[in-house]
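Since the structure comes first, as structure tokens, the remarks are kept for the end.
A short reminder: the numbers here are calculations on the coordinates, not readings from a lab. This structure is a prediction, so every number in the text was calculated from the model and none was measured. In this analysis, Cβ positions are derived from the backbone assuming ideal geometry, glycine residues included, and neighbour counts consider all displayed protein chains.
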Amino acid sequence: MKNHVEARKITKRFGPTTALNDAGISIAEGETHALVGRNGAGKSTLVSILTGLQRPDEGEVLFHGEAAPALADRDSWRQRVACVYQKSTIIPNLTVAENLFLNRQAESGMINWRTVRAKARELLATYEVDVDAETLAGDLGVEQRQLVEIARALSFGAKFIILDEPTARLDGPAIERLFVRMRALREQGVTMMYISHHLDEVYEICQSVTVFRDARHIMTRPVEGLPHNELVNAMTGETTAAYQTREHTVGDKVVLAAAGLSLGGRYDNVDLQVRAGEVVGLAGSASSGKIGLAETLVGLRKADAGTVTVNGAQPKQGDVPAFMAAGLGFVPEDRHHEGFVPLLSVGENATMPIMRRLGSFGMVLPSLRRAKAVQMIKELDIKTDGPEQPVGDLSGGNAQKVVFARALVDEPTALVVMNPTAGVDVKSKQSLLGAVEDAVERGAGAVLVSDELDDLRICDRVLVMFHGKVVKDVPRGWTDHELVAVMEGIEE
């Protein structure tokens, strides 16, 4: 079978760090090819080289056997390869049509908006994206934004598309709809590289898989017949057992509670109590209201009715500092927009909630900040060059650990974590879930919101939400079938 894309003997260095070391990939025409590996394995660097954003120090990229164009020739790159990134590149204040044809609206110096909208509707119809071209992109859901990005990528004429963690923020039905579209694109001759930490998706949608580890190519194999444990072993260099959950000693003290909590269009009349030493899960589809509820519990949203109590106090709703002052720590759903400041250092991000205690008269002593940051780096096993390294330079899993460090640095007695393992590798998942259980063993109570059933196994009970209401309190020991049936509203 003819190769559509090849990266041969690629080496890329950033200062003293070798991001890729004589690595490569060969993707056959018309296949969906998975690229997997732990955070920091070199996947993102390869994407930047395949899309023409970076030049390799050594090696070459070939499209249909021909050398890749010069980096300055962006139009030629777009006609060969397109990428839908994990972090959305859609501009929320522009309409769908404007996003689809950004910088391509005018053909002769003047923009004919009627023509732009007509072309946008035609493009959306071609790829079966059920979205109004005149809708503001900021009003779209996660699934709709991703489909618009796929349509935009393909509109340049590229027949090779890279999908970087496309399911990280989608629920089960949305993932299946994405896979239906991916299969249809493959039938139309589109070649895809699929990056994911969800190995079950690799087996479901891909024909081949390439593993990177420690900046090197480890193996490329057909997916069919490849044992799951062999793939995990190639990624980690060791046999990785499933995370072993712990038994929790639940106390009497209620550290976090909600009473009659309602927010129009999201959830209605929710009651909740979390005790010291307890992990309570929140599960449900993307439209269940679970994220809106969690964001209200940490002060990111203000409810229309009801109360939130943290350690016996009722902080002002919609006031995050007030909730943190009451003893609450949280990990937001979107680490890129709400979790950290990418240009600030690991130390600055990790110690942000306790800056007032790291000096006097409004001044932060660098030595105190560094000492606390080093402690958090050690406790959470953050792979970094040191507290001074910018968080934006870290891999996804290590950046998420910095977000956890910020949430835990003030030793909160109530903890709310939202989709904590989205877009991170197997080992990082274990470390992050372990951090939640460590906090609970110290006496905190935790709310864990996740689309990952395996994450929810550490919970003492799981509250399942459906259409904005808590429909069932499921104790530990549930099966996947039992929980999913309640989440989808089809409990037998």
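Details
- Lysines whose Cα lies under 21 Å from that of Lys316, excluding same-chain neighbours fewer than 8 positions away: Lys290, Lys302
- Candidates Met465, Gln430, Gln86 compared by Cα position along the dipole of the chain: farthest toward the positive end lies Gln86, with charges placed on Cβ.
- Put the Cα centre of region 352-370 next to the Cα centre of region 422-448 and the gap is 27 Å.
- Rounded to whole Hz, the Karplus (6.51, -1.76, 1.60) HN-Hα couplings of region 386-394, x for glycine and proline: x, x, 7, 5, x, 4, x, 8, 7
- Taking the DSSP bridge list for the chain and keeping only pairs wholly inside it, about 55 percent are antiparallel.
- Alpha-carbon centroids, region 256-314 and region 191-206: separation in whole Å: 34
- Of all lysines in the structure, those lying under 17 Å Cα to Cα from Lys401, and not within fewer than 8 positions of it along the same chain, are Lys372, Lys378, Lys383, Lys427, Lys429.
- Helix-only CD estimate at 222 nm, as mean residue ellipticity for the chain, using -39500 (n - 2.57) per DSSP H run (n ≥ 4): -9000 deg cm²/dmol
- Packing, as the average of other Cβ atoms within 10 Å across residues, places the peptides 175-183, 359-367 in the order 175-183, 359-367, highest first.
- DSSP-assigned coil residues among GluC sites (Glu not before Pro) in region 87-151, each with at most 15 further Cβ atoms within 10 Å: Glu107, Glu128, Glu134
- A Cβ-based charge dipole, computed about the Cα centre of the chain with Lys and Arg at +1 and Asp and Glu at -1, lands at about 1300 debye.
- Antiparallel DSSP beta bridges within region 92-237, percent to nearest 5: 60
- Centre separation in Å (Cα based) which lies between region 29-80 and region 81-135: 24
- Mean Cβ count within 10 Å, highest first, over the residues of peptides 468-475, 49-56, 276-283: 276-283, 49-56, 468-475
- Proximal lysines relative to Lys159, as straight alpha-carbon distance under 21 Å, when same-chain residues fewer than 8 apart are discounted: Lys2, Lys43, Lys119
- 0 to 90° range, to nearest 10: angle between helix 113-126 axis and the chain longest Cα axis: 90
- Relative contact order of the chain, taken over Cα pairs closer than 8 Å and 6 or more residues apart, is 15 percent.
- With the convex hull of the Cα atoms taken as the outline of region 254-487, the averaged projected area works out to 12.1 nm².
- Amide H contacts under 5 Å for Phe330, placed H, 5+ residues apart: Val416
- Base-10 log of normalised Debye intensity for region 377-427 (one unit scatterer per alpha-carbon) at q = 0.13, 0.24 Å⁻¹: -0.31, -1.00
- Karplus-derived 3J(HN,Hα), 6.51/-1.76/1.60, for each residue of region 433-442, Hz, glycine and proline x: 5, x, 5, 5, 5, 4, 4, 5, 5, 7
- Helix 172-187 axis, angle to the chain major axis (alpha carbon atoms, nearest 10°): 10
- Antiparallel DSSP beta bridges within region 254-487, as percent of all bridges there, nearest 5: 55
- Among the trypsin sites (Lys or Arg not before Pro) within region 357-411, those in coil by DSSP and having at most 16 neighbouring Cβ atoms inside 10 Å are Lys383.
- Label assignment, Cα extents along the principal axes in Å derived from the structure, set (i) 87, 58, 38; (ii) 96, 53, 50; (iii) 67, 53, 50: (iii)
- Interchain or long-range residues, amide H under 5 Å from Lys472's placed H: Val464
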